[in-house]
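Worksheet: one structure, shown below.
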Amino acid sequence: MDEIKIDQGLSTSDLCIQYGREMLTSQLPLTEKKGYDFAPPFHEMIVHLYLLGVMWRHGESLNLLIDSREHALAALRLMLVNAGMNNNKSLKHIVFLDKMSRIKDGSDALALTAGYQATLNDGSLDMVFDEHRDETRTSGALWRLYDRSKKIMLMGGGAAAFVAIWFVTIFIPSSTGMAILTAGIIAAAFIVIPTFIIGMLIYRIKFKN
């Protein structure tokens, strides 16, 4: 186990969190030099799975009264709450991470295993990211395309619906409520559907090929 100084007065969860942070601090500079461009949710998931592995291994040295893996999950949740995530969201995130920590055959995910076996400055987190570098589904560019398309569909569709409802209400005052609502939905569809189709075409041309 790496020689990281810790405060013996801290709880076991705090000890795991402190150890995880210091291990992560030794790894992130190595990944930043590579200039990875991953989708933010994917990057976050890999880092959290890695931290889970780090804290799992560290917990085994703390004479815990519960399973060290379960303790690591609880410690990671506490870490997320301390960082500002609310309780419900942190619980859902931990359930998600627990699910993602195992692959289909039941073995541990690469990021979790790398964290469990990590030593200071060994480049293990960098190794995990390198394994996923050429995967289209983890691409930061694809994520930005999705994010922009979503904003266009939400904002553009909403604006089109508002204008259509305003126009029908002002210039066709005899229209029924259903007719006004239908006009808004149709106007929004003229924005949402083409944007979705264009986004899919760009995805197929730029990424799948």
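Values quoted throughout were computed directly from the atomic coordinates according to the rules given, and no laboratory measurement underlies them. Since this is a predicted model, take the numbers as computed values, not measurements. Cβ atoms come from the backbone with ideal geometry, glycine included; neighbour counts cover every protein chain shown.
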Nearest 10 degrees, 0 to 90: helix 140-151 Cα axis against the chain principal axis: 40
Roughly speaking, what is the stretch gain from Ile170 to Glu22, that is 0.36 nm per residue apart minus the C-alpha to C-alpha distance, in nm to one decimal? 47.0 nm
Starting from 0.36 nm per residue, how many nanometres of slack lie between Ile193 and Leu145 once their C-alpha separation is accounted for? 15.7 nm
Rounded to 10°, Cα long-axis angle of helix 40-59 versus longest principal axis of the chain: 20
Compute the FRET efficiency between Met155 and Asn88 as 1/(1 + (r/R0)^6), taking r as their Cβ-Cβ distance and R0 = 25 Å, and round to the nearest 0.05. 0.35
What angle, in degrees between 0 and 90 and rounded to the nearest 10, separates the Cα long axis of helix 177-203 from the longest principal axis of the Cα atoms of the chain? 50
Write down the Kirkwood hydrodynamic radius of segment 44-88, to one decimal in angstroms, obtained as one divided by the mean of 1/r over all alpha carbon pairs. 10.8
Say R0 is 22 Å: what FRET efficiency, to the nearest 0.05, do Asp14 and Lys34 get from their beta-carbon distance? 0.10
Residues with amide H under 5 Å from that of Ser139, placed H, sequence gap 5 or more: Ala39
What is the log10 of I(q)/I(0) for the chain, computed with the Debye formula using one identical point scatterer on each Cα and no solvent, at q = 0.09, 0.16 Å⁻¹? -0.53, -1.03
Tell me, Kirkwood radius of segment 48-142 from alpha-carbon pair distances, in Å? 14.3
